[in-house]
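Mind looking over this structure? Questions follow.
The values are calculated or read from the model by the stated rules, or taken from the named source; none is laboratory data. Treat the numbers as computed from the prediction; the structure is a model and nothing was measured. Here Cβ is always computed from backbone atoms with ideal geometry, including for glycine, and neighbour counts include all displayed protein chains. For accessibility, only protein heavy atoms count, side chains too; no ligands or nucleic acids. Shrake-Rupley method; radii C 1.70, N 1.55, O 1.52, S 1.80 Å.
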Amino acid sequence: MTQRPIDSNTIRIFDTTLRDGEQSPGASMNTTEKLEVANLLAELGVDIIEAGFPISSDGDFEAVKTIAEKIEGPTICGLARALPADIDRCWEAIQANPKPRIHTFIATSQIHLEKKLRKSPEEVARYAEEAVKRAREYCDDVEFSTEDAARTDRDYICEVIERAIAAGATTINIPDTVGYSNPWEFGSLIEHVFDKVSNVHQAVISVHCHNDMGLAVANSLAAIRAGARQVECTINGIGERAGNASLEEIVMNLATRSEFFGFRTGIRTEKIYRASRLVSNLTGIVVQPNKAIVGANAFAHEAGIHQDGVIKEKSTYEIMTPESVGWRGTSMVMGKHSGRHAFTDRVKELGFDLSPQQIEAAFADFKDLADRKKDVFDEDLEAICLRAQELEEIPDVEVYKLENLETIATLKGMPKATITLTKGGEILEGSAEGDGPVDAACKAIKQITGTASRLEDYRIAAITGGTDAQGNITLTVAEDDFRAVGRASGPDIIVASARAYIQALNSLESKKKVAVRTDKAESLLGKQP
Ligand code: KIV
Ligand code: ZN
């Protein structure tokens, strides 16, 4: 194997949880939630946060802009196709940050050129050059990606990369967009780029691997061995289809086997578990119990021989300590006799920074839960804190509030729900039948509110084990071009579902109102270019 010139022994961690991760089915987050994730990513020590794809929607633009304005430390990056309008919009969103990056991309594989772009190889290479040049007019830090690189002709990819670097790209990203490659082939592709691209040392080589065949992390590590110095990844490996390479797995491979890889990252590994929990809570995407590093079983020893070994000497079966990734397992922390002081301390230890009003609301919620549920776990407290944080985001419309809910679940006949809502001072009541009590409750709310929206996605996950566990509901409603997410948790999944649905409908109304206001302003001021 050819010896690669290694300019540094640090690997840059490029986190795309808020862009590619958010492309996971049903994973959409609102601006406040994205900002919370971005804050934690900055604390975690990632080098670059890809905050979103600004031209894709007004919501994405707003989120990227807010993150660029509020987060300092990591580079803040926005995605743009190799088109002038995308690049301009991206710059508009990120320019407020002291370290902005424009990430522009175009597909280079034969199949994408022929079937998707319907452009010749020369046309695509010119799009790449033009896009990079335009981005460089705004910003010194420009990343260019050759989408579907793993299925691209090797001579052609080298030509496009060389031209993109000559046009000013400072990072070249080589994605395995469809998770097609394997470590031997992908490593050799990176070597080939180092061998054939004459100006390759003027840019950082990056990789971005998808997990369609379960090889995203292995392919990323092979690329690092072949000379890549930036890896793109997401918390919990979430992302399009089977997801992206998981940040925690790449980082812990490099940390645990540092004598083998010889590289370091700037990640504060003890914050990994907290980041995993936050992303899982906000997206509603559950982490599988046997997931490496952050799964519930990642540090559990079941077999007697293993337990015996661990009691005698932990390193017999533990290659890294749970503490090194901030893993705390599921522990019973409090009960109904716990006081406000202990509660506030524990909330802080869990990484939440709540305002006095939020603490007030969270403590009342905790007392209520402790009355109904014998054991209160850290995971329950996380759900309570997230609920309290959401309370301050009351949308700017006259909101519906859930006052009462009664349901009948029966083996004979249809389940039925009767709901009372208030809007302003008005009391609104309705009942409906459904396939199950959740369906009946949602139908009753739909009938009362008269919403024209449709329920696009509904997910439920148990926060801890046991029949008294809280359920975490995440759902999405959509109407025309508007989409809103509702999230709620609690020991009664029918009540939590109703709350999540109402929250989503309130948020949808608020989005529609903002859009009307913007249209009015534009008709007065003239549409912005
Ligand atoms: O998978 C991919 O190719 C991407 C690019 C936009 C980098 O997400
Ligand atoms: Zn991707």
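Looking at the range 261-363, what helices (runs of 4 or more DSSP H) fall wholly within it and have at least 2 residues that are within 22 Å of the chain's Cα centre (by Cα), surrounded by 12 or more Cβ atoms within 10 Å (Cβ to Cβ) and not aromatic (Phe, Trp, Tyr)?
272-283
With the structure loaded, tell me whether Lys65 is basic (Lys, Arg) and either open to solvent by 70 Å² or more (accessible area, probe 1.4 Å) or at pLDDT below 95 (or both) or whether it fails that test.
Here the answer is no, as Lys65 does not meet what is asked.
Being farther than 13 Å from Leu278 by Cα, away from ligand 2 (no atom under 16 Å from the Cβ) and either open to solvent by 30 Å² or more (accessible area, probe 1.4 Å) or touching a helix residue (DSSP H, G or I) at 6+ places or on another chain (Cβ under 9 Å) (or both) narrows it down to one of Asp60, Asp47, so name that one.
Among Asp60, Asp47, only Asp47 is farther than 13 Å from Leu278 by Cα, away from ligand 2 (no atom under 16 Å from the Cβ) and either open to solvent by 30 Å² or more (accessible area, probe 1.4 Å) or touching a helix residue (DSSP H, G or I) at 6+ places or on another chain (Cβ under 9 Å) (or both).
Could you tell me which numbered condition Val197 fails, if it satisfies all but one of (1) within 14 Å of ligand 1 (Cβ to nearest atom); (2) in contact with a helix residue (DSSP H, G or I) (Cβ under 9 Å, 6 or more places away or on another chain)?
Every condition holds for Val197 apart from (1).
How many of the residues making up the range 129-159 are over 25 Å from Gln95 (Cβ atoms), within 14 Å of ligand 1 (Cβ to nearest atom) and not charged (D, E, K, R)?
Matching residues across the range 129-159 total 5.
Something else now. Need the failing condition index for Gly351 against (1) of a type outside the set (A, V, I, L, M, F, W, C); (2) under 30 Å from Ser258 (Cβ atoms); (3) free of Cβ contacts under 8 Å to residues at least 12 places away in the same chain, just the number.
So Gly351 meets the others, but not (3).
Have a look at Thr476, Thr418 and point out the one that is open to solvent by less than 30 Å² (accessible area, probe 1.4 Å) and either in contact with a Pro (Cβ under 9 Å, 6 or more places away or on another chain) or not in a helix (DSSP H, G or I) (or both).
Numbers: Thr418 fails: open to solvent by less than 30 Å² (accessible area, probe 1.4 Å).
Checking each option against the conditions leaves just Thr476.
Please indicate, with yes or no, whether at least one residue in the range 73-83 is part of a loop (DSSP other than H, G, I, E, B) and of a type in the set (D, E, K, R).
Checked the range 73-83: no residue is part of a loop (DSSP other than H, G, I, E, B) and of a type in the set (D, E, K, R).
Right, here's the next one. Any residue in the range 495-507 that is of a type outside the set (A, V, I, L, M), in a strand (DSSP E or B) and modelled with pLDDT of 85 or more?
No; the residues of the range 495-507 include none that is of a type outside the set (A, V, I, L, M), in a strand (DSSP E or B) and modelled with pLDDT of 85 or more.
Moving to a separate point now. Residues of the range 450-467 being in contact with an Asp or Glu (Cβ under 8 Å, 6 or more places away or on another chain), part of a loop (DSSP other than H, G, I, E, B) and surrounded by fewer than 18 Cβ atoms within 10 Å (Cβ to Cβ), which ones?
Ala452, Gly466
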